[in-house]
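Below: the structure, in C-alpha cells.
The values are calculated or read from the model by the stated rules, or taken from the named source; none is laboratory data. Treat the numbers as computed from the prediction; the structure is a model and nothing was measured. Ideal geometry is used to build each Cβ from the backbone, glycine not excepted, and the neighbour counts take in all protein chains shown. We work out accessible area using only protein heavy atoms, side chains counted, and drop any ligands, DNA or RNA first. Shrake-Rupley method; radii C 1.70, N 1.55, O 1.52, S 1.80 Å.
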Amino acid sequence: MAYYYPIEHIADHARQTLPCTHTNVEDKAAQYQDAVVKELYYGYFLASMDQINANQLPFNITRLRKSLGRYGKGGSGRWWDWMHQNYPIVKVIKKGTSIKKESSMVEVDIPLDIIFASGKGKDFVAAIYNQFDKDVQTHPVNINLRNLKNYILATAAENNPNKTIQNNLKNARMIHMIAEELGGVLPQVVSKSNFGRTYYSGPNLQNVHKTVRQAALGPCYNIDINNAVFNWKYSVVPFSDELTYTREYITDKNRIRKHLAQVVFGNSTEHSIKTIKKVLTAISFGAKSETRCWFKNDEGKWTQGAISEIIYSKDLRDQLFNDPWMAQFMREQQRMNDFIGTDLANAAKEGTIPERFLEDLRSEGGRVSKGKLIAWAYQQSEQQVMRKMLEWSRTDVLLQVHDGVYFKTKPDMPSMHTVLQEVWPLATLSIEEVSNYSYENIEHLDEHRQFIKQQELKANNGVDPVTTGIHTEQLAAKIYDPHAEPDWVSEQMKEYYEHFPEPDPNMPDFARRRLQ
C-alpha cells in the first residue's frame, strides 16, 4: 500500500515528541495509515451514494483507537490521537455514539478513487471480513468475473447520475474486487435466523439489485414462485373454496394488476403496475388500507411497511380501496389473516411453537405479534417447499434468494411444478433465462458505425440512404415506441380467454361484468 506520509518522517517526529523509546515507531506509523485506509474501505461499503458523492464515509474511531494502542508511562497517550492530530488523513465531521449505535462520519480530502487505486484487493478483503468472527459460517458463491466486469464497464461508460444505478455500480465493483482477489468466489457471511430463510451480512448477492446479481452470476436460469404468500395462505385455510377473489388474483394476476393500475393511476404503464405489485406484496404480509404490516426484509430484520409509503396520495389510496374488486379482495385477506393469526397465537399459548422462535416474534410491548407469527409460519413453509423443489430440479443451484433460485442450466420445470402444487395447489413457477452481459468500447463502436456508413455510401454511389429516405432493410425495421400504449382491453380479453376458455363459475360478478 502506498503511504500518504513518509514513514521515516513520522517516526523521527514521534521520537522527538513522545515517550516511546521502546516502540517500533516505523511499524506504528505504517499501522496507522493502513488502519485508516481499511476503515475507509469498510466505510465505503456501508455508505450511501449521497455520502460517497460528498466524500463522506462512516468511520469507527473507537476501533482504531483500540487497535493502535497507547504510548508513554501507564499508557497515558493514544497513538490514534497523536497520529490523527499531526498526520490527518480524514477530517472527523461527526462523532458516533454507542448508545444510539451511530458511527462517526469523516470527510476525505483525498479522492476516494485515489485511495482505492493505491490499495490492493487483499487490503479491501481484509477490511470487509475482519469485521466478522473467524469461525463465522459462509456460503461461497461463484462469480462470473468477466461478465461482471462487462457490466461495470458498460454502466460506468453511461455515466448515468441516477443514484440507484450509481449504487449498483458501487456494489458491482466491490463484489468484483473481492471475488477477483479470492479466485472468483464471493464468501457470503451467514446471519443466523430461526425463520427458515437464510440471510447474509457484508457483501452478498441477496441484497443487491437484480441487475448486479445476474451480472455476477452470468448465464443462468432464474425461477420464482408466483404469488408465494397468497398461495400459502390459500392452501392452509379450511375455507379456500370461498375465496373467489384471492383465487382470481392467483390465477390471473396480470389482468388484475392492470385493472388496479388503471383505477389508481389512469394508465397501465410498467411503473404503475410495479407500484400496484408492491402494494399487493405488502397486503400479502398483512398490510391494511392504512395500518402497517410486519415482515422480514432481505437482511433478516423486522420491518414495518405501509401502503402510504408506497402510494403517498390519500386520494389515490382511497381510489384503490374503494374499487369494488379490491374491497372484496381485502375482506378475504382479513378473513385469512384473522384465522391464521388466531390459530398460530393459540399454538404459541399451548407451547406448540418453541420459545426460541417466540422471543423474536414479540412486539415492543412484549406480546407475541400475530403479524410476526404469520410471517414466521410462511417462511417456514416457504423453505420446506423450496427444499422439495430443489431435490427435483436436476441441475446445479447457483444461488437461492428466498422463494427464487438461480440455476446453472435449465431445471426440470414439470417435476418442480408437480412438487410445488402438491403443497400449494394453485401455485405456479416463472422462469427467466439470463444471458451474458456484453460491453463494447464506445470509441470502437463509433469507429465501426463510421466504417459501415462509408460502405453504404460506396454501395449507393455516394448517396446516403438515411438522409434521402431510401428504403433499406435496416430502416425498414420497426422501432419500438416505449410510450405507445397497447389496447389494454383487448390484451385483457386475450389473457382471460387463455386462462379460462370456458366461463369460470367461480368468477366474481365484478370480473364477469368487465368481460361482457
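Observations, loosely collected:
- Computed Rg/Rh of the range 63-173, alpha carbon atoms with Kirkwood Rh: 1.04
- Heavy-atom accessible surface of MET326, to the nearest 10 Å², is about 0 Å², with a 1.4 Å probe and all protein chains retained.
- Computed over protein heavy atoms with a 1.4 Å probe, the accessible surface of the range 39-95 works out to 51 Å² per residue.
- Distance (nanometres) between label positions extended 7 Å along Cα→Cβ at GLN51 and TYR439: 2.6 nm
- Within the range 119-220, the percentage of alpha carbon pairs spaced more than 21 angstrom apart rounds to 35%.
- Maximal additional length on extending the ARG331-HIS13 stretch stands at 106.9 nm, based on 0.36 nm per residue less the C-alpha distance.
- Share of carbon and sulfur in the accessible area of the range 171-234 stands at 44%, probe radius 1.4 Å.
- Ordering of 62-71, 373-382 by burial proxy (mean other Cβ atoms within 10 Å per residue, highest first): 373-382, 62-71
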